[in-house]
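*Asks:* Dropping a structure here in structure tokens format, bear with me for questions.
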Ligand code: ACO
């Protein structure tokens, strides 16, 4: 990282000496002012709750242009990737920096496929959870517990260990999510089957029973694979930053990814697809399209605490490109499954139409995000609402692990340790 010719100068109104700060240029995106020496040189901190203007790392994996509604994985536009690649291509790309050729792809597929089983003891561990536990509660536990089963790949200073952990996590995540589902419905776990694709295998582990053959439906497989592709990485979002911060202490990768799973669970992040479908179902139950005006009024009333779930994004101030692709997939899946008249899809389209013409949403640049349509697709293919965020976690695992690995390979990497503006008591004596 080389400073550009430009520098920034921070001056103070109280006559304290001003400070010159180096400015870096990225390949794309805004310049970045390096404030690392600020505390040393001027004895001040920067205040930025929510990281609105703070770059916490350098990264070469994903780039978002929020104003233009553009998303790139390793430089490739998401629209091109979604049309020409499957999720295994994307995993390879995100982990290794470029798309695989046919030979590399076959080897990668085989490597992932041969790591999909989990230690049999995990079944015993899973049995300790209540049947009605939320799948994200189970998944957080299961992913964290992997570190108790795979000791041989937790030396984070060893690149080979990091590589093995990455493959293990990507490969085992579908098995764990499907196990969490089977546990919740009281059905036997289905073991992975090596002649199926990554996504086909996941569908089988979810929906097959030992009693009869299960045939993977091509349309459903393609749609779910696209969901995985669209959720694979999204630069420094809350869960990825959590993985980086957690991993910065030197903890093992399974523990760091479990922290990411926990963060993703929240309704402002990965939990939004579940919350969005819940919102649509509630509007539908109250009268559907006819009640949309009333609902929008509630959303615009800040005191109601109601948000239009699946709308708005910290970075996108334009249409989320993933939402466009998801809407397309949604139409394809509903048509292929004979659900064109799905009332929730119609409701979502009507809601989107109203919101996109309403000055409240226009002024705040609030557009549909990926979660607006992904819930409808998942519902159509038979995935229960409570599992949506776990599916997101499955797909995002490759992004988390690639970002964690990138952090550990960065010579400038340090343990994450934010500072604070202390507003509590000054020193006082205990009076007893
Ligand atoms: N519905 C109604 N109003 C909204 C919404 C929404 N979904 N999102 C933002 N706003 C309003 C805010 O009230 C605020 O209005 P104000 O300026 O009058 O106070 C303004 O738009 C800016 O919103 P912030 O909350 O400051 O924006 P922030 O960047 O912090 O939040 C977030 C982004 C959390 C995604 C927000 O848009 C939201 O809660 N959306 C709904 C949840 C959701 O869909 N999350 C998924 C995100 S994508 C993902 O994780 C895959």
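*Asks:* Could you grab me the full set of residues in the range 232-262 that are part of a helix (DSSP H, G or I), within 14 Å of the ligand (Cβ to nearest atom) and buried (at least 20 other Cβ atoms within 10 Å of the Cβ)? Walk me through it before giving the result.
*Replies:* Of all residues in the range 232-262, those part of a helix (DSSP H, G or I) come to 238-247, 253-262.
With the extra rule that they be within 14 Å of the ligand (Cβ to nearest atom), the set shrinks to 238-242, 260-261.
Answer for the range 232-262, where residues must be part of a helix (DSSP H, G or I), within 14 Å of the ligand (Cβ to nearest atom) and buried (at least 20 other Cβ atoms within 10 Å of the Cβ): 239, 240, 242, 260, 261.
*Asks:* Might you check whether a residue that is modelled with pLDDT of 95 or more, more than 14 Å from the ligand (Cβ to nearest atom) and surrounded by 17 or more Cβ atoms within 10 Å (Cβ to Cβ) occurs anywhere in the range 263-273?
*Replies:* No, because not a single residue in the range 263-273 is modelled with pLDDT of 95 or more, more than 14 Å from the ligand (Cβ to nearest atom) and surrounded by 17 or more Cβ atoms within 10 Å (Cβ to Cβ).
*Asks:* One residue is enough: does the range 27-48 have a residue meeting the conditions in a helix (DSSP H, G or I), buried (at least 18 other Cβ atoms within 10 Å of the Cβ) and over 19 Å from the mean Cα position of the chain (by Cα)? Lay out the reasoning, then the answer.
*Replies:* Restricting attention to the range 27-48, the residues satisfying the condition of being in a helix (DSSP H, G or I) are 38-42.
From what's left, buried (at least 18 other Cβ atoms within 10 Å of the Cβ): none.
For the range 27-48, residues in a helix (DSSP H, G or I), buried (at least 18 other Cβ atoms within 10 Å of the Cβ) and over 19 Å from the mean Cα position of the chain (by Cα): absent.
*Asks:* Tally up the residues in the range 85-104 that are out of contact with any strand residue (DSSP E or B) (no Cβ under 9 Å at 6 or more places or on another chain) and free of Cβ contacts under 8 Å to residues at least 24 places away in the same chain, please.
*Replies:* 8
*Asks:* Moving on. Out of curiosity, is residue 176 modelled with pLDDT of 95 or more and out of contact with any strand residue (DSSP E or B) (no Cβ under 7 Å at 6 or more places or on another chain)?
*Replies:* Values: modelled with pLDDT of 95 or more: yes; out of contact with any strand residue (DSSP E or B) (no Cβ under 7 Å at 6 or more places or on another chain): yes.
When the stated conditions are applied, residue 176 passes them.
*Asks:* Among the residues of the range 1-25, how many are without any contact (Cβ under 8 Å) to a residue 24 or more places away in the chain and either touching a helix residue (DSSP H, G or I) at 6+ places or on another chain (Cβ under 8 Å) or part of a loop (DSSP other than H, G, I, E, B) (or both)?
*Replies:* Here the count works out to 9.
*Asks:* Please determine whether any residue of the range 407-430 is within 15 Å of the ligand (Cβ to nearest atom), out of contact with any helix residue (DSSP H, G or I) (no Cβ under 6 Å at 6 or more places or on another chain) and not in a loop (DSSP other than H, G, I, E, B). If you could, list the steps in order and put the result at the bottom.
*Replies:* So the first thing to find is which residues in the range 407-430 are within 15 Å of the ligand (Cβ to nearest atom), and the list is none.
No, every residue in the range 407-430 fails to be within 15 Å of the ligand (Cβ to nearest atom), out of contact with any helix residue (DSSP H, G or I) (no Cβ under 6 Å at 6 or more places or on another chain) and not in a loop (DSSP other than H, G, I, E, B).
*Asks:* Let me ask something else about it. Mind counting the residues in the range 105-126 that are in contact (Cβ under 8 Å) with a residue 40 or more places away in the chain, in contact with a helix residue (DSSP H, G or I) (Cβ under 7 Å, 6 or more places away or on another chain) and assigned to a helix (DSSP H, G or I)?
*Replies:* 5
*Asks:* Return yes or no: is residue 293 more than 12 Å from the ligand (Cβ to nearest atom), part of a loop (DSSP other than H, G, I, E, B) and surrounded by fewer than 20 Cβ atoms within 10 Å (Cβ to Cβ)? Break it down into steps so the answer makes sense when it comes.
*Replies:* Numbers: more than 12 Å from the ligand (Cβ to nearest atom): yes; part of a loop (DSSP other than H, G, I, E, B): no; surrounded by fewer than 20 Cβ atoms within 10 Å (Cβ to Cβ): yes.
Answer is no for this residue.
*Asks:* With the requirement that a residue be within 22 Å of residue 166 (Cα to Cα) and within 24 Å of the chain's Cα centre (by Cα), what does the range 108-134 give you?
*Replies:* 108, 109, 111, 112, 113, 115, 116, 117, 118
*Asks:* Could you list, in sequence order, all residues of the range 354-382 that are within 9 Å of the ligand (Cβ to nearest atom), buried (at least 20 other Cβ atoms within 10 Å of the Cβ) and more than 17 Å from the chain's Cα centre (by Cα)?
*Replies:* 355, 361, 366
*Asks:* Also, I was wondering about something else. Using the structure shown, decide if residue 390 is within 16 Å of the ligand (Cβ to nearest atom) and closer than 20 Å to residue 306 by Cα. First the steps, then the outcome.
*Replies:* On the way: within 16 Å of the ligand (Cβ to nearest atom): yes; closer than 20 Å to residue 306 by Cα: no.
Against the criterion (within 16 Å of the ligand (Cβ to nearest atom) and closer than 20 Å to residue 306 by Cα), residue 390 does not qualify.
*Asks:* For residue 219, work out the one condition from (1) outside any loop (DSSP other than H, G, I, E, B); (2) modelled with pLDDT under 95; (3) farther than 21 Å from residue 322 by Cα it doesn't fulfil.
*Replies:* Only one criterion is unmet by residue 219, namely (3).
*Asks:* Go through the residues of the range 333-348 one by one and say whether even a single one is in contact (Cβ under 8 Å) with a residue 24 or more places away in the chain and within 15 Å of the ligand (Cβ to nearest atom). Spell out how you get there, then give the answer.
*Replies:* Step one: list which residues in the range 333-348 are in contact (Cβ under 8 Å) with a residue 24 or more places away in the chain, which gives 333-334, 336-337, 339, 342-348.
With within 15 Å of the ligand (Cβ to nearest atom) added as a condition, the list becomes 348.
Scanning the range 333-348, I find at least one residue that is in contact (Cβ under 8 Å) with a residue 24 or more places away in the chain and within 15 Å of the ligand (Cβ to nearest atom), so the answer is yes.
*Asks:* Is there a residue in the range 299-320 that is within 17 Å of the chain's Cα centre (by Cα), more than 12 Å from the ligand (Cβ to nearest atom), touching a residue at least 40 places away in the same chain (Cβ under 8 Å) and crowded, with 19+ Cβ neighbours inside 10 Å?
*Replies:* Pass one, the range 299-320, residues within 17 Å of the chain's Cα centre (by Cα): 309-316, 320.
Of the ones still in play, those that are also more than 12 Å from the ligand (Cβ to nearest atom) are none.
Looking for residues that are within 17 Å of the chain's Cα centre (by Cα), more than 12 Å from the ligand (Cβ to nearest atom), touching a residue at least 40 places away in the same chain (Cβ under 8 Å) and crowded, with 19+ Cβ neighbours inside 10 Å, one finds none in the range 299-320, hence no.
*Asks:* Scan the range 50-70 for residues that are over 12 Å from residue 406 (Cβ atoms) and assigned to a loop (DSSP other than H, G, I, E, B) and jot them down. Working first, answer last.
*Replies:* Going residue by residue through the range 50-70, those that are over 12 Å from residue 406 (Cβ atoms) are 50-56, 63-70.
Passing the criteria: 52, 53, 54, 55, 56, 66, 67, 68, 69.
The values are calculated or read from the model by the stated rules, or taken from the named source; none is laboratory data. Bear in mind the structure is a predicted one, so any value in this text is a computation, not a measurement. FYI the Cβ positions are ideal-geometry reconstructions off the backbone, even for glycines, and counts take in every protein chain you see.
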